[in-house]
1. Here are some conditions: (1) within 30 Å of residue 127 (Cα to Cα); (2) loosely packed, with under 15 Cβ neighbours inside 10 Å. Residue 68 meets all but one. Which one does it not meet?
2. Does the stretch 82-138 hold any residues that are crowded, with 16+ Cβ neighbours inside 10 Å and touching a strand residue (DSSP E or B) at 6+ places or on another chain (Cβ under 9 Å), and which are they?
3. Just the residues that are modelled with pLDDT of 95 or more and more than 17 Å from the chain's Cα centre (by Cα), please, taken from the stretch 128-144.
4. Can you tell me which of (1) in the same structural domain as residue 113 (by TED's automatic domain parsing); (2) without any contact (Cβ under 8 Å) to a residue 24 or more places away in the chain is the one residue 29 doesn't meet?
5. Being assigned by TED's automatic domain parsing to the domain that holds residue 21, part of a helix (DSSP H, G or I) and closer than 30 Å to residue 4 by Cβ narrows it down to one of 85, 51, so name that one.
6. Out of the residues in the stretch 143-164 that are part of a strand (DSSP E or B) and in contact with a helix residue (DSSP H, G or I) (Cβ under 8 Å, 6 or more places away or on another chain), which is nearest to residue 66 (Cα to Cα)?
7. Right, residue 142: over 25 Å from residue 26 (Cα atoms) and either touching a strand residue (DSSP E or B) at 6+ places or on another chain (Cβ under 6 Å) or in the same structural domain as residue 22 (by TED's automatic domain parsing) (or both) or not?
8. Would you be able to say whether some residue in the stretch 116-127 is closer than 22 Å to residue 22 by Cβ and assigned to a loop (DSSP other than H, G, I, E, B)?
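The values are calculated or read from the model by the stated rules, or taken from the named source; none is laboratory data. Everything numeric in this text was worked out from a predicted model, so none of it was measured. Please note: Cβ atoms are built from the backbone with ideal geometry, for glycine as well, and neighbour counts cover all protein chains shown.
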């Protein structure tokens, strides 16, 4: 393996650890272990620092236009190729419950993300300020104001967090 391969593997590992620890923190909070949750969030933040350092070392962060283009490419790949294949495989394995639902919801949202990134690229430099809201059930991301009910998972408006 090369150093570039190792940086990619380290980036993936640190990124996954971050998300896993955030999930662990949520569960600890739900169970009343707030100090443990705080520790998981602290270590998750440290893992983010590591992941970003690896990404910078790979010179994988460009200017904003390059980053938007890369994001569009990645989101398109996810909703056009990756998730449809995952959905079909899960259905073929007769796993039509949680896995198919998880993949399907993510697939729908990735298409929305691609559209939002495309819009941002088209409007790059206009500095128009837009608020974004994310559904905490399915990840649906909307501009300006959250809907009364999420069109993807039917969650109520209160389940959308404003992103600053």
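1. Going through (1) within 30 Å of residue 127 (Cα to Cα); (2) loosely packed, with under 15 Cβ neighbours inside 10 Å one by one, residue 68 breaks only (2).
2. Matches in the stretch 82-138: 109, 112, 113, 116, 133, 134, 135.
3. 131 - this is the single residue of the stretch 128-144 that is modelled with pLDDT of 95 or more and more than 17 Å from the chain's Cα centre (by Cα).
4. In the conditions (1) in the same structural domain as residue 113 (by TED's automatic domain parsing); (2) without any contact (Cβ under 8 Å) to a residue 24 or more places away in the chain, residue 29 misses (1) alone.
5. Values: 85 fails: assigned by TED's automatic domain parsing to the domain that holds residue 21.
Criteria check complete, one pass: 51.
6. Pass one, the stretch 143-164, residues part of a strand (DSSP E or B): 143, 149, 156, 160-163.
Checking the rest, the ones that are also in contact with a helix residue (DSSP H, G or I) (Cβ under 8 Å, 6 or more places away or on another chain) come to 143, 149.
Details: 143: 22, 149: 34 Å.
Applying the filter and picking the extreme gives 143.
7. Against the criterion (over 25 Å from residue 26 (Cα atoms) and either touching a strand residue (DSSP E or B) at 6+ places or on another chain (Cβ under 6 Å) or in the same structural domain as residue 22 (by TED's automatic domain parsing) (or both)), residue 142 does not qualify.
8. No: the stretch 116-127 contains no residue that is closer than 22 Å to residue 22 by Cβ and assigned to a loop (DSSP other than H, G, I, E, B).
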